[in-house]
Amino acid sequence: MKHYYYYDSQKCEFVSVTYSGSDKLIHTLTSWLTVGLVIAGVFFTTMANFSGTPSEIALKSENRELLRQYMQNHTDIQALKNKISDLAERDNEIYRTVLGIDPITYDERMAGIGGADLYAHFDRYRAPTAQLLRQTAFDLEVLERQINIQNLSLNEVFEYHNANKDKMRHMPVLRPVDGKILSGFGMRVHPVYRVRRMHSGLDFRARVGTPVYAPGDGIITHAANRAGGYGLTIEIDHNFGYETRFAHLSGFADGIRPGTKVTRGQLIGYTGRTGRVSGPHLHYEILLNGNQVDPLNYLFVDLTPQEYRAFKAISEATTLAGD
């Protein structure tokens with residue numbers, strides 16, 4: 001401790017100031033307290049500048065969680081967009097094409113948005129946040145428009161169906177046999193000839209004797225052996241340009257002969273392995289105005305969307321099967 005002096009005018013001299021023990025203790029404590037307060041002030045000021053107040057810290061944490069949720073929502077929106085695209089493709093390539101309705105163009109389905117900037121109010125936020133908010137709002141608006149377009153399309157399909165009920169009863173839209181697809185429509189390696197050639201229908205896995213059903217109303221035009229490796233074959237004329245063919249059968253149901261009228265879901269025969277085959281199965285063809293078309297596109301009545309996608313993947317991936 002430093003020594004302090006005062007001037008005594010009566011004695012005309014400087015006198016040393018003396019402190020008691022309590023005075024020294026108070027002085028020391030006061031000094032340390034002052035230093036501590038200064039250090040604490042500096043610390044809290046620094047923390048406030050870099051971390052913020054407790055309420056600011058809580059707000060920042062909340063903002064981070066909101067941003068995380070927005071990012072998740074953005075991911076979910078992308079998944080919904082993919083599902084809408086799948087539905088639109090199914091609508092165009094199956095429902096509308098099979099029913100003879102003009103497909104909706106890509107530009108129409110994209111539901112273009114133009115005009116004034118509808119999202120300028122997001123620009124007051126930081127650039128990354130503003131971009132995320134803009135993109136999310138835009139995607140939601142596009143989704144809403146695409147869903148509305150899809151609803152209008154389905155309404156059109158329903159109206160067409162109601163106006164063409166007779167044609168709908170005759171269209172071959174029922175799966176003819178309970179079995180998985182072995183081989184799809186298109187080019188493939190033939191299992192017997194071992195050469196690449198066109199496969200004109202679908203092959204369904206089925207044990208000998210599995211029931212085969214009419215996929216639509218019609219008249220039997222052929223029920224006998226057919227050349228070309230088909231074996232025992234049934235053919236049905238469904239009117240409206242549609243015909244179906246069922247090959248490699250083991251036999252026919254009672255009463256099935258040329259001229260017999262059949263209805264959708266009626267038993268017409270049984271699967272087998274007659275003709276040129278590598279194993280038992282049903283070969284199924286659909287002809288429209290004399291041209292062979294992919295039967296998979298006509299199974300939409302009898303398939304869920306999940307089953308259709310699974311069968312389509314199998315059909316596209318399979319290059320070798322029994323026929």
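Across the stretch 236-259, which residue is nearest to residue 176 (Cα to Cα) among those that are part of a strand (DSSP E or B) and among the acidic types (Asp, Glu)? Full working, then the answer.
Of the residues in the stretch 236-259, the ones part of a strand (DSSP E or B) are 236-239, 242-252.
Right, trim to among the acidic types (Asp, Glu) and you get 237, 243.
Working: 237: 15, 243: 13 Å.
Here the answer is 243.
In this structure, is residue 240 touching a helix residue (DSSP H, G or I) at 6+ places or on another chain (Cβ under 6 Å) and of a type outside the set (D, E, K, R)?
Criteria met by residue 240.
Taking the stretch 216-244 on its own, how many of its residues are buried (at least 20 other Cβ atoms within 10 Å of the Cβ), closer than 19 Å to residue 172 by Cα and in contact with a His (Cβ under 8 Å, 6 or more places away or on another chain)?
Step one: filter the stretch 216-244 for residues buried (at least 20 other Cβ atoms within 10 Å of the Cβ), giving 216-218, 220, 223, 230, 232-236, 238, 242-244.
Among the residues that remain, those that are also closer than 19 Å to residue 172 by Cα are: 216-218, 220, 223, 233-236, 238, 242-244.
Keeping just the survivors that are in contact with a His (Cβ under 8 Å, 6 or more places away or on another chain) gives 216-218, 233-235, 238, 242, 244.
Residues in the stretch 216-244 being buried (at least 20 other Cβ atoms within 10 Å of the Cβ), closer than 19 Å to residue 172 by Cα and in contact with a His (Cβ under 8 Å, 6 or more places away or on another chain): 9 in total.
Taking only pairs six or more apart or across chains, which ones have beta-carbon atoms under 6 Å, a first residue in the stretch 279-294 that is of a type in the set (Val, Ile, Thr), and a second residue that is crowded, with 20+ Cβ neighbours inside 10 Å?
If the second residue must be crowded, with 20+ Cβ neighbours inside 10 Å, the pairs left are 286/172; 286/244; 286/295; 286/298; 293/286.
Of all residues in the stretch 271-300, how many are in a strand (DSSP E or B) and under 15 Å from residue 233 (Cβ atoms)?
Going through the stretch 271-300 one residue at a time, the tally reaches 10.
Given the structure, is residue 182 modelled with pLDDT of 80 or more, more than 23 Å from residue 290 (Cβ to Cβ), among the hydrophobic types (A, V, I, L, M, F, W, C) and in a helix (DSSP H, G or I)?
No: the conditions fail for residue 182.
Can you name the residue in the stretch 185-210 that is at pLDDT below 90, over 29 Å from the mean Cα position of the chain (by Cα) and outside any strand (DSSP E or B) and, of all such residues, is nearest to residue 298 (Cα to Cα)?
That would be 200.
Filter the stretch 60-114 for residues that are at pLDDT below 75 and small (Gly, Ala, Ser) and give the result.
Passing the criteria: 61, 100, 111, 112, 114.
The values are calculated or read from the model by the stated rules, or taken from the named source; none is laboratory data. Note that the structure is predicted; figures quoted are calculated from it, not measured. Every residue, glycine as well, gets a Cβ built from its backbone with ideal geometry; the counts of neighbours run over all protein chains shown.
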